[in-house]
1. Starting from residues that are outside any helix (DSSP H, G or I) and free of Cβ contacts under 8 Å to residues at least 24 places away in the same chain, keep the ones in the stretch 89-116 and report whichever is surrounded by the most Cβ atoms within 10 Å (Cβ to Cβ).
2. Output the qualifying pairs, or none if there are none: Cβ atoms under 7 angstrom, residues six or more apart or on different chains, first residue in the stretch 220-235 and aromatic (F, W, Y), second residue in a helix (DSSP H, G or I) and surrounded by fewer than 22 Cβ atoms within 10 Å (Cβ to Cβ).
3. With the checklist (1) part of a helix (DSSP H, G or I); (2) modelled with pLDDT of 95 or more; (3) within 22 Å of the chain's Cα centre (by Cα) in hand, flag the one item P124 doesn't pass.
4. Which one is surrounded by the fewest Cβ atoms within 10 Å (Cβ to Cβ) among residues in the stretch 362-379 that are touching a strand residue (DSSP E or B) at 6+ places or on another chain (Cβ under 8 Å) and farther than 21 Å from D306 by Cβ?
5. Report those helices (runs of 4 or more DSSP H) wholly inside the stretch 127-219 carrying at least 3 residues which are charged (D, E, K, R) and farther than 27 Å from Y297 by Cα.
6. Residues to consider are L85, L58, L70; find the one that is in a helix (DSSP H, G or I), in contact (Cβ under 8 Å) with a residue 24 or more places away in the chain and of a type outside the set (V, I, T).
7. In the stretch 67-113, how many residues are under 30 Å from P431 (Cβ atoms) and among the aromatic types (F, W, Y)?
8. Being in a loop (DSSP other than H, G, I, E, B) and among the aromatic types (F, W, Y) narrows it down to one of W288, W313, W283, so name that one.
Amino acid sequence: MVWRFCSVVISFFVLHTGFSQTAREFRGVWVATVANIDWPSKPNLDDETQQQEFRALLDLHQKNGINAVLLQIRPAADAFYRSSLEPWSEWLTTAPRTPGYDPLAFCLREAHARGMELHAWFNPYRARFNATDSVHPHPLSIEAKHPEWLVTYGKNKYLNPGLPEARQHTVSVVLDVVRRYAIDGVHFDDYFYPYKIEGQAFPDSATYQHYRLPGQSLDDWRRANIDLLIHHLHDSIKQIKPHLFFGVSPFGVWRNQDKDPEGSATWAGQTCYDDLYADVRKWLREGWIDYVAPQLYLPIGHERMDFETVVRWWCQNHYGKPIYIGQAAYRINGETDARWKNPSQLFEQYRLCRTCPAIQGNIYFSSKSFRQNPLGVNDSLRLRIYRERALPPPRLASSKAARPVAVTIATHKRGLVVRWPVGDSLNRSVPYVLHLEKTTRRGVKREVLFLRHPSYAIHKARSHHAYAFRVEVINHFLQRSAHGETPVVRRKRNQLITSPP
């Protein structure tokens, strides 16, 4: 790539320093709130304790190189944010106490302050977790307002996916958040129709008889219901915020090959298509989702669902959409399978993922798995997997060329200060990336700095050290961002000296 240069302070010579483009990789972690899996540690904590726990959670993941948090804000037709549509989540607070702050707004500010994205994770249909208890439903809950929309299956209550009113309610809930909060994406997990319980039929036969099309089987009708939700939601999100990503994290196997020759060479007990009625492959083909994050929670070499086999299948069936592989951090050193006792298992999975260009990142389940650092997983992330910091991938491709930025350097007390104009960044958390290359007698040291302000100072610039800078104005929605670069410069007393051409 040929870079364009400009200066204000002194006349610079053009010099190619070998700077590389900013690394782009989605490095996510799921933060589950259902049953207080990850955050908060228990219900009814005071506001300050809740906030302290979330800050500590972010700090840990930031050290590990994570750049995106997928926060579960609607675990069961409830809210981890101020809502007029659904009640506060029971895993956050119980009546009559209400938080004195907006948790989602707080979490967004904290994540963005650390240069991390925050994606809002919704469960579309679960309405009540453990419906066998005798707790009276909250007056604002769907259970209280529209009990006719719900069905009970196993221990839980669900919005009936076959009812248009229930589907529209879920869409309304998601769009309410899209309009009011500066989230970086909308995310669904694998819970559409619930996982099947042996010996129990999902109780939607009456709804099927009322809404099915002539000749439509029960299975096809259920898949069509989920298709309608995904398609409607995708189009609605894009009408409000075209740049916002909508993605799904399905169970890892779409279909087994014994059911469909286009399926994977696996023997999964339940699959997306046949049991959860989620035809994720169709959603990718039709462009109804912006990425897919299959949950591949079994090790390399597993007899029924080999990690590598399933990765290769998704790499052949992503229809041009990015893949973020879901990895099972929670299994490390906690399973009877000896493969999870190997501290290199996660690293080898990551290395395998990097062999497929369509895989643009990974997401780990779940946040609490990193607290105790099992088998040194945090060290593996910091020293082997994510040695260098990266930004999430850009959102939309663009043919626009990168525009030049006027990068200037001046003396500043005993050091140097580099400045550039405020750019038209669309990234609220990290508007600028500064590439710094310092040459000393011992060699060359390169750093990538993620900055929120259009300047950077080196407080002690020695005369025998040479410096070069490149600035990127970050725009997640374009493949190419504005840029500016300087040649090598040294400070000698109060003068700036450039290297010869």
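1. Pass one, the stretch 89-116, residues outside any helix (DSSP H, G or I): 89-102, 114-116.
Now drop any that are not free of Cβ contacts under 8 Å to residues at least 24 places away in the same chain, which leaves 96, 98, 102.
Working: P96: 5, T98: 11, D102: 16.
Looking at the filtered set, the residue picked out is D102.
2. Filtered contacts from the stretch 220-235: W221/Y208.
3. So P124 meets the others, but not (1).
4. Only one residue fits best here, namely S366.
5. Numbers: elements: 142-145, 164-180, 205-211.
The helices (runs of 4 or more DSSP H) meeting that bar are 164-180.
6. Only one candidate qualifies: L58.
7. 4
8. One residue alone meets the criteria, W288.
The values are calculated or read from the model by the stated rules, or taken from the named source; none is laboratory data. Quantities reported herein were computed from a predicted structural model and do not represent experimental measurements. Positions of Cβ are backbone-derived with ideal geometry, glycine not excepted, and every protein chain shown enters the neighbour counts.
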